[in-house]
Amino acid sequence: MNSAKRAADRPSPREAATQAGYILMNLLPVMIGVLLLISLLSQFLPRLLEAGLFGGSPIQDALVGASLGSVAAGQPVVSYLLGGELNGSGVSLVGVTALVVAWVTVGLSHLPMEAQVFGWRFAVLRNLLAFVSALCIAFIIPAVLHG
Amino acid sequence: MAEENKPGRRASRRGGWWFLGAMLLLYLIVGRLDPALFEASLTGFVSTLTDLLPLFGVMFLLLWLFNLYVRSGRVMKQLARAGGMRGWIFSVGAGVLSMGPMYLWYPVLGQLRSEGLRPGLAAAFLYSRAIKIPMLPFMAHYFGASYSALFVTSVLLFSVLGGAALERLERQ
């Protein structure tokens with residue numbers, strides 16, 4: 001009985017494909033736009049590295065990456081594209097990982113909305129903990145990967 | 001995942017096209033002002049897009065499977081009732097399976113909170129949303145499979161650690 005109800009709730013393969021296409025079509029212009037932007041900005045990345053935005057000590061890279069990721073908003077996949085291009089341009093894996101993790105876990109742009117639902121104490125504490133954990137993960141992953 | 005089809009999503013969908021339009025306009029301006037920069041950027045764009053093209057197919061397939069088999073509403077109902085270890089598993093699982101922008105989930109979480117959802121579980125849900133299974137092929141493409149596996153493991157671990165720490169701090 002339950003499995004029959006579950007099957008009735010489930011969309012048909014065609015409906016599921018339409019929904020998937022809809023989501024992909026929503027993401028596609030953003031992803032192509034971001035790729036265009038990254039391709040343009042990556043021409044300036046060596047100069048940004050020389051200017052000292054990244055490329056300092058690992059702690060500095062992690063702090064810069066996590067701070068940039070905290071204020072950024074958007075699809076996680078955008079942070080993968082950006083992080084991948086930054087890493088390819090010579091930014092350390094620590095800095096890039098901090099950026100990617102903070103991008104998807106810290107939500108400064110959502111803070112007022114989160115506070116409205118859960119209260120300011122919860123929202124601030126959660127985002128602070130997410131920021132600290134982004135720094136921790138930024139060091140854990142490269143350490144495990146490179147032994 | 002049905003929330004993706006709500007009329008409220010139209011504005012953000014248009015926003016994506018506006019953003020793409022702005023980038024194309026930027027390229028037109030750059031093309032006029034600095035043809036060398038334009039050519040280098042366009043070459044980089046075409047090369048990256050060609051690399052990523054097959055991943056869009058993988059992403060579509062994963063999204064299709066998610067739409068077909070995952071009913072996040074049912075998981076959320078379980079989340080409000082679950083406690084102990086089951087609660088953590090449900091909150092992290094629901095976070096991983098949840099799709100759509102965060103602002104659509106706050107009202108749902110607010111409702112669950114009023115029904116007794118623990119703050120730690122809410123925090124674990126919010127944190128584990130960092131894992132988006134249909135988008136992982138892109139991460140693996142740039143950073144490798146080992147990195148992606150470590151990323152997923154770390155986020156799952158820190159979802160629970162962060163949730164537990166927050167619950168402790170909230171009690172003080």
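Part of a loop (DSSP other than H, G, I, E, B), modelled with pLDDT under 90, within 17 Å of the chain's Cα centre (by Cα) and within 30 Å of A:Gly88 (Cα to Cα) - does that describe any residue in segment B:131-149?
yes
Restricting the first residue to segment B:21-47 and requiring it to be within 12 Å of A:Leu36 (Cα to Cα) and more than 8 Å from every other protein chain (Cβ to nearest Cβ), which pairs with a second residue that is loosely packed, with under 15 Cβ neighbours inside 10 Å and of a type outside the set (S, T, N, Q) meet a Cβ separation below 8 Å and a spacing of at least six or different chains?
Qualifying pairs under 8 Å: B:Phe38/B:Gly31.
Quick check: is even one residue across segment A:115-127 away from chain B (no Cβ under 11 Å) and assigned to a helix (DSSP H, G or I)?
yes
Does any residue of segment A:95-110 turn out to be more than 12 Å from B:Ala123 (Cβ to Cβ), of a type in the set (Phe, Trp, Tyr) and surrounded by fewer than 21 Cβ atoms within 10 Å (Cβ to Cβ)?
Within segment A:95-110, not a single residue is more than 12 Å from B:Ala123 (Cβ to Cβ), of a type in the set (Phe, Trp, Tyr) and surrounded by fewer than 21 Cβ atoms within 10 Å (Cβ to Cβ).
Give the residues of segment B:149-166 that are more than 14 Å from B:Ala122 (Cα to Cα) and without any contact (Cβ under 8 Å) to a residue 12 or more places away in the chain, sorted by residue number.
B:Ala149, B:Leu150, B:Thr153, B:Ser154, B:Leu157
The values are calculated or read from the model by the stated rules, or taken from the named source; none is laboratory data. Keep in mind the model is a prediction, meaning the values are calculated, not measured. As a convention, Cβ positions derive from the backbone with ideal geometry for all residues, glycine included, and neighbour counts pool all protein chains shown.
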